[in-house]
Amino acid sequence: MESNINYRYSFKSIFAQSLALAGPCFIQTGIGIEITCSTIIIGALASDKSKNGLPPLTDEQASWFGSLLFLFTPLGSALSSLTLGHFGHKTCMIITNLPFIVSQIMFFYANSVETLYACSMLMGISVGYSGGPSSAYIGEVCEPKLRGALMSATNVFYFVGSLLFTLIYAITLEWRLTVLIGMSIPIVTIAILFMTPQSPMWLLTKGEPLKAQQTLGKLRGWPSHETGSSKEFREMIAYTSTTMVHEDDDTETGATSSWGQLLRPEVYRPFRLLMVYIFFANLLSGIQYGPYLVAVFTEFGAPINVEFTLAFSVFLSTIGGIMTIFLISKLGKRFLTLSTLLICSICYILIGLIGVYWTNSKPITSWLVLILFLTTTFMSSLGIMPIAWVLLTEIFPMKSRNITCSAGGAMGYLISFFMIKYYLELSNFVNFYNTFTLFGISGLFGTVYFYFYLPETENKTLQEISEFFK
């Protein structure tokens, strides 16, 4: 069913919504830095055995350091879900930057592996805490026709953060100086968030309809009453009122919190779909290779500068993310998912087969597997990776969105933890190149699954999407 929603807002409306998302954009920049930290530091310690007071990490230490961030995101998400309803999106987005700042300070003075572990844990809490507030905020403040594009634009800043961080390290070759410079991002984020408006929907649930209407007017560029703002506000009141009535009914029947909503079909069905989506998105975007990219590029054997190749791979991700902004409304999330997942799967299978069976032309194959890997980096950032987080913001009904956004983000990062933690063991067991073949074949099964079960959500209202899963 196509949405008939078209509020006819002006360019001023688009600008106002984009401006409101400046805070979430900088949060994504910080997340890009946090997740790239382990890649930079593991690679730096492996190639620099004397400086900075830390020895190279063993495989076991590297696997823990690279994965602990993802293990502790559920804790951050749990804290977020407990505080989001009370403090609101804006305050929670400010709070998420505090453990980030502390971790960067600790990195700068780190003189033991245990300190690196502690920093990774703090960053995990920060990343997990940010997921629910920022995702729910974006889903609630954007109009339907812009939601996908603006969410994709926000996701681009994740790659921008990674790109800046890798470039700074490629230039300085000092990981401590790199994290010190990176600490400026959460400080700027806090300053921006103090000027960010609250979500109109959240204000309505707190009994502040006048403030909610004024905020919606600002987010829509102060349109006249003849345009869509007043109509959208009436629909927003009806939507939140229906939600609150359902919550009252749930209270009478014993489901006294958002957790009780998880048993409803319109909640657990999209949650199941999201978990499958994140699994394949992580697997075929190479999340398991992330902390070990320096070693991966070295294993490929091409005569390259590893540090700048790392930065170039992030640059490709950034370009892919930017292209998603313009393609998502034209091609839809379903087409982008199926096409990019299929291409990544084929590239992974080719890398595995070339690495195992075509070993007599090393100069050619070294460049070929590197190009194929960089192709998957670009294609995954063009489709499956950003779309996973767009779906997180829109496929859940409002009455459970806070808890499901937090839980969905947490489970996604938990999947990443297991992939990263046990990747080295899998690689040692089946051989480095065979991991690509295994992941690529798995991706083909994922493509078939999404062909049958992934609906198109582009240009649909949140209510229409919720109705689909009932």
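Here, each number is a calculation from the coordinates, and none is a lab measurement. Quick caveat: nothing in here was measured; it's all calculated off a predicted structure. Cβ atoms come from the backbone with ideal geometry, glycine included; neighbour counts cover every protein chain shown.
Loop-only check: which chymotrypsin sites (Phe, Trp or Tyr not before Pro) in the range 125-186 are DSSP coil with at most 16 other Cβ within 10 angstrom? Can you show the working numbers first?
Values: sites: TYR129, TYR137, PHE157, TYR158, PHE159, PHE165, TYR169, TRP175; in loops: none.
Passing sites in the range 125-186 do not exist.
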Sorted largest first, the C-alpha extents of the range 276-390 along its principal axes in whole angstrom are 44, 28, 22
Positive end of the dipole of the chain, charges at C-beta (+1 Lys, Arg; -1 Asp, Glu), about the Cα centre: which of LEU273, PHE312, TYR129 has its Cα farthest in that direction? PHE312
Mind listing which GluC sites (Glu not before Pro) in the range 409-462 are in a DSSP loop and have 16 or fewer other Cβ atoms within 10 Å? GLU456
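May I ask for the percentage of alpha-carbon pairs in the range 54-180 that lie more than 18 Å from each other? Write out the running numbers ahead of the final one.
Numbers: 4989 of 8001 pairs.
Considering the range 54-180, 62 percent of its Cα-Cα pairs are separated by more than 18 Å.
List the residue ranges in the chain for DSSP H helices whose C-alpha atoms run 27 angstrom or more along the long axis and whose Kyte-Doolittle average is -0.5 or above. It would help to have the intermediate numbers written out before the result.
Working: long enough: 22-47 (37 Å, 1.33); 59-95 (42 Å, 0.64); 113-141 (42 Å, 0.69); 144-172 (43 Å, 1.09); 228-252 (36 Å, -1.04); 265-285 (29 Å, 0.84); 306-357 (40 Å, 1.65); 362-382 (30 Å, 1.34); 398-421 (35 Å, 0.55); 432-453 (32 Å, 0.92).
Long hydrophobic helices here: 22-47, 59-95, 113-141, 144-172, 265-285, 306-357, 362-382, 398-421, 432-453.
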Compute log10 of I(q)/I(0) for the range 352-470 with the Debye formula, placing one identical point scatterer on every Cα and leaving out solvent, at q = 0.10, 0.23 Å⁻¹, to two decimals. -0.47, -1.44
A student applying the Cα gyration tensor rule (rounded when a/c is under 1.5; otherwise prolate if a/b is larger than b/c, oblate if not) would label the range 51-105 oblate
Putting +1 on Lys and Arg Cβ atoms and -1 on Asp and Glu Cβ atoms, find which of PHE297, ILE14, PRO209 reaches farthest to the positive end of the dipole of the chain. ILE14
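If you average 1/r over every pair of different alpha-carbon atoms in the range 290-345 and take one over that average, what Kirkwood value in Å do you get? Don't skip to the end; give the middle numbers.
Details: mean 1/r = 0.0756 Å⁻¹.
About 13.2 Å, per the Kirkwood formula over Cα pairs.
Set the Förster distance to 22 Å, then compute FRET efficiency between PHE429 and ALA46 from the Cβ-Cβ distance, nearest 0.05.
Numbers: r = 22 Å, r/R0 = 0.98.
Plugging the Cβ-Cβ distance into 1/(1 + (r/R0)^6) gives 0.55.
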In the structure shown, do any of LYS90/LYS333; LYS330/LYS460; LYS12/LYS145; LYS399/LYS460; LYS12/LYS460 have a Cα-Cα gap over 24 Å, and if so which? LYS90/LYS333
Value of [θ]222 nm, deg cm²/dmol, for the chain, DSSP H segments ≥ 4, -39500 (n - 2.57) each, nearest 500: -27500 deg cm²/dmol
Distribution of pairwise C-alpha distances over the chain, 20 Å bins, in %: 25, 56, 18, 1
